[in-house]
């Protein structure tokens, strides 16, 4: 059962420790993997903008940007899964997205 105040689960685990690197009282941040890993399409969180509860990315098209709605999934570090609305390999704007509007003129840095 989780501690209500700290979102902590008290757990007992068995870990090989042949060099005695782990000491009593040490803390660890762990990830519990369940099932098989799956590749997903993900973008930096900084590439997303929101409007009325919906998520968008900006796609460069020539010298303008097109706002594209996306469905997001799980947070993966500083990336966020994109479930739909974007295809693998599509270029997106990743900086200053909160300053952009649909069809704004942009210059792409290379």
Report summary line: If you go through 71, 39, the only one that is loosely packed, with under 10 Cβ neighbours inside 10 Å, over 30 Å from residue 8 (Cβ atoms) and either at pLDDT 95 or above or under 15 Å from the mean Cα position of the chain (by Cα) (or both) is 39
Report summary line: Scanning segment 84-110 residue by residue, those out of contact with any strand residue (DSSP E or B) (no Cβ under 8 Å at 6 or more places or on another chain) and under 10 Å from residue 60 (Cα atoms) turn out to be 107
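The values are calculated or read from the model by the stated rules, or taken from the named source; none is laboratory data. None of the values given here were measured: they were computed from a predicted structure. A quick note on method: Cβ atoms are made from the backbone with ideal geometry, for glycine too, and the neighbour counts reach across all protein chains shown.
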